[in-house]
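Take a look at the structure below.
The values are calculated or read from the model by the stated rules, or taken from the named source; none is laboratory data. Just so you know, these numbers come straight off a predicted model, no measurement behind them. Every residue, glycine among them, receives a Cβ derived from its backbone with ideal geometry; neighbour counts consider all protein chains shown.
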Amino acid sequence: MGFQTIAIARRGDKSSLAPKLGAQHYIDSQVTDTAAGLARMGGAHVILAAPTSGTAMSAVLGGLALGGKFVVVGAPAKPLEVRALPLIHGGRSIMARRRARRSIRRTRWRSAR
């Protein structure tokens, strides 16, 4: 389907790591509004959110495309703030897992080497 991976982090020093892990694009969330950046690229069909902060995770929700899925892996210390209307009207959804599946972790580890 031609999906592209977009890495999002808070510091520019992560920008050199992103392509090594397979990302075609990088958004520095301290410089760019992440939701607006994702929307300019057409919106994200899937956002895989590792537990950073609830505030940072909430900031990317506006970047979901119509029908997009926000997958939370782990639990942030601060709660997520979610506006219900964009989820309902855009057919978007939020899913959660306690941890990533082994196959995902294994692939991520192999890619980083």
Worksheet item: Taking into account only those residues within the stretch 73-96 that are within 14 Å of A59 (Cβ to Cβ) and charged (D, E, K, R), which is surrounded by the most Cβ atoms within 10 Å (Cβ to Cβ)?
Response: K78
Practice prompt. Could you check, for the stretch 96-106, whether at least one of its residues is at pLDDT 90 or above and in a loop (DSSP other than H, G, I, E, B)?
Written response: no
Discussion item. What pairs come out if I take residues in the stretch 1-20 that are closer than 18 Å to S53 by Cβ and pair them with residues that are exposed (fewer than 14 other Cβ atoms within 10 Å of the Cβ) and not aliphatic (A, V, I, L, M) whose C-beta lies under 6 Å away, six or more apart or interchain?
Written reply: R10/Q30
Practice prompt. Kindly indicate the residue of the stretch 1-21 that is surrounded by fewer than 13 Cβ atoms within 10 Å (Cβ to Cβ) and at pLDDT 85 or above and also nearest to I47 (Cα to Cα) among those meeting that condition.
Written response: Q4
Discussion item. Against the condition modelled with pLDDT of 85 or more and under 27 Å from R40 (Cβ atoms), how does L80 come out, does it pass?
Written reply: no
Worksheet, complete the sentence: Residue hits (the stretch 49-60; among the aliphatic types (A, V, I, L, M) and either at pLDDT 90 or above or closer than 17 Å to V82 by Cβ (or both)) are A49, A56, M57, A59, V60
